[in-house]
1. Within region 29-66, list the residues whose amide N lies under 16 Å from a label point set 7 Å along Cα→Cβ of ASP99.
2. Give the Rg (one decimal place) followed by the Dmax (whole number) of the chain, computed from C-alpha coordinates and expressed in Å.
3. Taking Cα centroids, how far is region 85-99 from region 1-46 in Å?
4. Run the simple label-point estimate for ARG4 and GLU192 please: 7 Å along Cα→C-beta, distance reported in nm.
5. For the chain, with a Gaussian network of springs between Cα atoms less than 10 Å apart, report the residue from VAL107, VAL145, VAL130 with the top mean-square fluctuation.
6. Ranked from highest to lowest mean number of other Cβ atoms within 10 Å per residue, what is the order of the peptides 131-137, 238-244, 215-221?
7. Would you mind computing, in nm to one decimal, how far apart the modelled labels at ALA249 and ASP216 are, each placed 7 Å from Cα along Cα→Cβ?
8. Running a GNM on the chain with Cα contacts under 10 Å, which residue among GLY225, GLY92, GLY70 ends up with the highest mean-square fluctuation?
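Each reported figure results from applying straightforward, stated rules to the coordinates on display, with no laboratory input. Just so we're clear, the structure is a prediction, and the values are computed from it rather than from any experiment. Cβ: placed from backbone, ideal geometry, glycine included. Neighbour counts: every protein chain shown.
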Amino acid sequence: MARRKLIAGNWKMNGHLDHLRELHGIDKAAKAHPQVDVAICPPATLIAPAVARVPGLAIGAQDCHGADKGAHTGCLSAAMLKEAGAHHVIVGHSERRADQGETDADVRGKAEAAHRHGLTAIVCVGETEVERDAGDAEVVVTSQVAGSVPSGATADWLVIAYEPVWAIGTGRVPTLEDVAAMHAAIRAKLTEMIGDEAENVRILYGGSMNGDNAADLLAVDNVDGGLVGGASLSADKFIPIVEAGAALA
């Protein structure tokens, strides 16, 4: 079936107020290609200023806490992000799973919190190079899907992002056949979990997507968009990915 492409940018821990100038070009491209969805997830400090600067562009967050409030110093709740103007929130990114020790249960709780407060949860899953080389990639990723996706999830608020950890920021990209196989496996696991609704859930590819490889990656079966890292920091580098998605719509 045809699912709308979503091209989402993750700025990670990059950018200050002056970097928001890049959003004007991205917003212009998003308006020029309404057949695709475009979102940018800057650092939390920039969410509200970004919404004020480009009110028509979907702005997201990079994480949220699973609780709505409490003694969680330094954390932000989904309700706070919603109040700041966020539409989406990335949860379970591989860097947080590795650096902050987040478990599948943690990620599921964050996705549930996002849903409670009207945010779209972009749930990240992916394998390390060691896991892929051992032949365990599909088992690892589908296990993460099973543990991280809330029961009863629907495409209205759930997006999956497959990110081969070994490809993030390295310039390395799996073969198109590898990407197709993993996205198909994710779709099959989602179908086991939520039935026919799985066919509507968008599965993004995240792992060194750029203007040179976007068209090929976005044309792969079950690749419904991209979670873009470094290339999203520059309008000039991000816009070709948006255009590649639009060309396939």
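1. 41-46, 61-65
2. My reading of the Cα-based Rg and Dmax gives 16.6, 47 Å.
3. 16 Å
4. Inter-label distance under the simple model: 3.1 nm.
5. VAL130
6. The peptides rank, most packed first, as 238-244, 215-221, 131-137.
7. That separation, rounded to one decimal, is 2.5 nm.
8. Answer for the Gaussian network model of the chain: GLY70.
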